[in-house]
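A short write-up of the structure that comes next.
The values are calculated or read from the model by the stated rules, or taken from the named source; none is laboratory data. Not measured: the values here are computed from a predicted model. Note that each Cβ is placed from the backbone with ideal geometry, even for glycine, and that neighbours are counted across all protein chains shown. Accessible surface areas use protein heavy atoms only, side chains included; no ligands, DNA or RNA. Shrake-Rupley method; radii C 1.70, N 1.55, O 1.52, S 1.80 Å.
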Amino acid sequence: MQFDTDLTGKLLIALPGIGDDRFKRSVILLCAHTPEFAMGIVLNKPMEGVDLQDLMEQMGIRMEISLRGVRVLEGGPVAQERGFVLHTDDVICDGATIEVDGDICMTATKDILSMIGSIAPPRQSVFALGYAGWGAGQLEAELADNAWIVCEPDTDLIFGGAYENKWRHAMTRMGIDPSRFQSGAGNA
């Protein structure tokens, strides 16, 4: 499969026939996309029983504000012990923050967590453990197999808390009625 377009900053929306239960009804922000690899963060799968305050306390990160109830996302099946923060560009960690698209950035250091727990956090942020990754040509092959559709991001899909509605919201933004998909094979 040939690499034609850099999809960094775009959203991947899983189609019903994706064939991988780990990504069923997923909405993923692609943070990097090159001919060699692609990596993204799943935006709509919060972890059960984990909030950001507990995680930061376990890591010994001092907080000036309460983060009780702020959800931690399952960012994907790769490197689930590593944390990734998607955030607005009003807070930057020199040498560690990468621009994803426009005012959306990603940082994977403790410094960004300290900033999130400060009295001057980024305007918007979301924390995920793990990421979704693809090798050379793998994402392109999945796109050709109609496992994903691509759309432009919006702040509700990236930072919003209505996790159970993000997939449906992304589909309807694309003009697709999710209720029209068949859940199983029919008879001819």
Completion exercise
Among (i) 15.4, 45; (ii) 17.0, 63; (iii) 15.6, 49, the entry matching Rg and Dmax of the Cα atoms in Å as calculated here is (ii)
Exercise for the section: List the relative contact order of the chain as a percent without decimals, with contacts defined as Cα pairs under 8 Å and 6+ residues apart. Expected result: 28
Completion exercise
Taking a crude spin-label model, label points 7 Å out from Cα along the C-beta direction, the Glu99 to Phe37 distance in nm is 2.2
Fill in the blank from the handout: For the chain, the per residue accessible area (1.4 Å probe, Å²) is 52
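Given a 1.4 Å probe and every protein chain left where it sits, what share in percent of the accessible area of the chain is carbon and sulfur?
47
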Fill in the blank from the handout: Once the in-chain neighbours fewer than 8 apart are removed, the lysines whose Cα is under 22 Å from Lys24 read Lys10, Lys45, Lys166
Exercise for the section: Using a 1.4 Å probe and ignoring any ligands, DNA or RNA, find the accessible area of Ile65 and quote it in Å² to the nearest 10. Expected result: 60
Handout entry: Ranking by accessible area, most exposed first, for Ser118, Ser26 with a 1.4 Å probe
Key = Ser118, Ser26
Fill in the blank from the handout: Gyration tensor on Cα atoms of the stretch 1-109, a ≥ b ≥ c root eigenvalues, a/c under 1.5 rounded, else prolate if a/b beats b/c, else oblate, says oblate
Completion exercise
Rounded to the nearest 10 Å², the accessible area of Met39 using a 1.4 Å probe with every protein chain kept is 20
